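Notes follow the structure.
The values are calculated or read from the model by the stated rules, or taken from the named source; none is laboratory data. Note that the structure is predicted; figures quoted are calculated from it, not measured. Glycine also receives a Cβ, built like all others from the backbone with ideal geometry; neighbour counts cover every protein chain displayed. Ligands, DNA and RNA are stripped out before the accessible areas are found, and what is left, the full protein with its side chains, is counted by its heavy atoms. Shrake-Rupley method; radii C 1.70, N 1.55, O 1.52, S 1.80 Å.
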Amino acid sequence: EAGVTQFPSHSVIEKGQTVTLRCDPISGHDNLYWYRRVMGKEIKFLLHFVKESKQDESGMPNNRFLAERTGGTYSTLKVQPAELEDSGVYFCASSRDTEEKLFFGSGTQLSVL
Amino acid sequence: AQSVTQPDIHITVSEGASLELRCNYSYGATPYLFWYVQSPGQGLQLLLKYFSGDTLVQGIKGFEAEFKRSQSSFNLRKPSVHWSDAAEYFCAVVPLAGNTGKLIFGQGTTLQVKP
């Protein structure tokens, strides 16, 4: 069984540019989560999809971040325009339902210069 | 505010030595408790979890953790560390009856293993 896959693994962009991160969850997993770890800080929840619907987006930092999950399969997280403080590792995770364990991807390292 | 504290940012142990990683939480009621590990280039992997029942929980890779309500702690232990255990370890909680996918993490403890 393929795990959670994230693209790209690394992204280096300049302040003001746009970046789109992608997450492919495990097939059949309705729940998809985005997390972020800013350097030196703890990993923080961003949002939760159930299929294509946003169940909880309480952790999204501001309106420069837009997450989508068209068709309830893969998800994208767009940052537009990127700021220096957006640098960090963005993790995606999925689960079959909210009572089951999460499977994490290896993350996207985003550097905003 | 709800929080998770891992007091040790970095720990070094010799291969074969015992290990204990500390985790304390601040919540009104006992939350669900987790330990995750992230090896270099890998995603986070669940080591073990505690929801209720026996306060000593066995996990994968020879790890165990003990929940102590009186101390609001959930420390991770391993009797004999292997070089492959070098990684970053995260304690995490979810409020009772909450969505177990919405984790609140500690800052992580990086484990270095000396030969």
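Table for the structure above
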{"quantity": "Spatially proximal lysines relative to B:LYS78 (Cα-Cα < 30 Å; intrachain offsets below 8 disregarded)", "calculated": "A:LYS41, A:LYS44, A:LYS101, B:LYS49, B:LYS61, B:LYS68, B:LYS102, B:LYS114"}
{"quantity": "Loop-located GluC sites (Glu not before Pro) in segment A:1-78, at most 15 other Cβ atoms within 10 Å (DSSP)", "calculated": "A:GLU1, A:GLU14, A:GLU52, A:GLU57"}
{"quantity": "Separation of the A:GLU68 and A:LYS54 label points, Cα + 7 Å toward Cβ, nm", "calculated": "1.3"}
{"quantity": "Segment B:12-51: radius of gyration over Cα atoms, expressed as a fraction of 2.2 N^0.38 Å", "calculated": "1.50"}
{"quantity": "Area of A:SER11 that stays accessible when all protein chains are in place (1.4 Å probe, Å², to 10)", "calculated": "20"}
{"quantity": "By accessible area with a 1.4 Å probe, ligands and nucleic acids excluded, highest first: order of B:TRP35, B:TRP83", "calculated": "B:TRP83, B:TRP35"}
{"quantity": "Inverse mean reciprocal Cα-Cα distance (Kirkwood Rh) of the protein assembly as shown, Å", "calculated": "18.1"}
{"quantity": "Estimated inter-spin distance, B:ILE60 and B:LYS114, nm [label 7 Å along Cα→Cβ]", "calculated": "3.0"}
{"quantity": "B:LYS49 accessible area, assembled protein chains, probe 1.4 Å, Å²", "calculated": "80"}
{"quantity": "Radius of gyration and Dmax over the Cα atoms of chain B, both given in Å", "calculated": "13.5, 43"}
{"quantity": "FRET efficiency, A:SER9 to B:SER14 (Cβ-Cβ, R0 35 Å, nearest 0.05)", "calculated": "0.60"}
{"quantity": "Accessible surface ranking that places the most exposed of A:HIS29, B:HIS82 first, with a 1.4 angstrom probe", "calculated": "B:HIS82, A:HIS29"}
{"quantity": "Within straight-line cross-link reach of A:LYS54, aspartates and glutamates at Cα separation under 14 Å, skipping those fewer than 8 residues along the same chain", "calculated": "A:ASP30, A:GLU68"}
{"quantity": "Solvent accessible area, Å² - A:ARG37, 1.4 Å probe, full protein context", "calculated": "40"}
{"quantity": "Most to least accessible of A:VAL19, A:VAL38 (protein chains only, probe 1.4 Å)", "calculated": "A:VAL38, A:VAL19"}
{"quantity": "Relative contact order, percent, chain A [alpha-carbon distance under 8 Å, six or more residues apart]", "calculated": "38"}
{"quantity": "Segment A:5-112 - Rg and Dmax from Cα coordinates, angstrom", "calculated": "12.9, 39"}
{"quantity": "Label point at A:LYS78 placed 7 Å out along Cα→Cβ; residues across segment A:1-45 whose backbone nitrogen lies under 13 Å", "calculated": "A:18-22"}
